[in-house]
Amino acid sequence: MKFTFVTLFSSLCQGYFSDSILKRAIDKKYIEIDYLSPRDFTTNKHKKVDDYQIGGGAGLTLMTQPLDSLICDIKEKNSDAHVIFVLPSAKPFRQIDAMRLASKKHIVLVSGRYEGFDERSIEMLADEVFSVGDFILTGGELPSLCICDSISRQVDGVLGNSDSLSGESFENNLLEAPGFTKPNIFKNTEVTKEYLSGNHKKINQIKKELAKYKTKFFRPDLFEKVKVLVDKN
């Protein structure tokens, strides 16, 4: 799978892929990463990519021409490229989206800056739009990295052990059950005894219950969805 980061500041993204799991995934060619800058596609002789908003307003907004030329160039080379704009006003990115998008061959992640995008860029060029939370950042590079990481984990071979994907948080609207390591007792706090029993059927049952308790405590909004599904059945 190929990821293209459309950004004015590629150096903000590059370091993330220099270590650990995603570096190994790149080395083994499970994923490919490249970067494109709108500055290389602007028709402005000064390489200008932003301007003041029509009608007034604080700050500068990214102009639509450089992005249009850039995305059109990508689409001409690969019509299957799936273009995602990241912006705070979009729908939240979810685990189910990561799983679905892992089947794509080429994902383009467009990062905003300044006061964001000319709205026409979003309407004309985006296949999907996502947010990573109800908060504002100085740019879209961090959300783009989050989305790339989440999708990459779903690509065959990236994690090495596919079992690592099972039982993760947000499956069936539940958080992942608590996990523990040795020693069994630390500062008078003991691991749930059933975890030590070796009875994996019993352990799985307990993990499901603990996942419900954890979800109810940390994410009551998700727990309500679980209750609705149970009530319907």
Here the averaged projected area of the stretch 2-152, based on the convex hull of its alpha-carbon atoms and given in nm², is 9.3 nm²
Given pairs K2/K77; K2/K29; K29/K105; K182/K212; K193/K225; K29/K104 and cut-off 19 Å on Cα-Cα distance, the over-length ones are K182/K212; K193/K225
Highest mean packing first, using Cβ neighbours within 10 angstrom, the peptides 44-51, 127-134, 185-192 sort as 127-134, 44-51, 185-192
The correct pair for the stretch 11-65, radius of gyration to one decimal and Dmax as a whole number, both in Å and from Cα atoms, is 17.2, 50
Of the candidates C146, N199, Y114, the farthest towards the positive dipole end of the chain (Lys/Arg Cβ +1, Asp/Glu Cβ -1, centred on the Cα centre) is N199
For the stretch 82-149, Rg(Cα) over 2.2 N^0.38 Å is 1.03
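Any read-out appearing in this document is the output of simple, stated calculations on the displayed coordinates, not a laboratory observation. Since we're looking at a predicted model, the values are computed, not measured. Cβ coordinates were reconstructed from backbone atoms using ideal geometry, including for glycine residues, and neighbour counts include every protein chain displayed.
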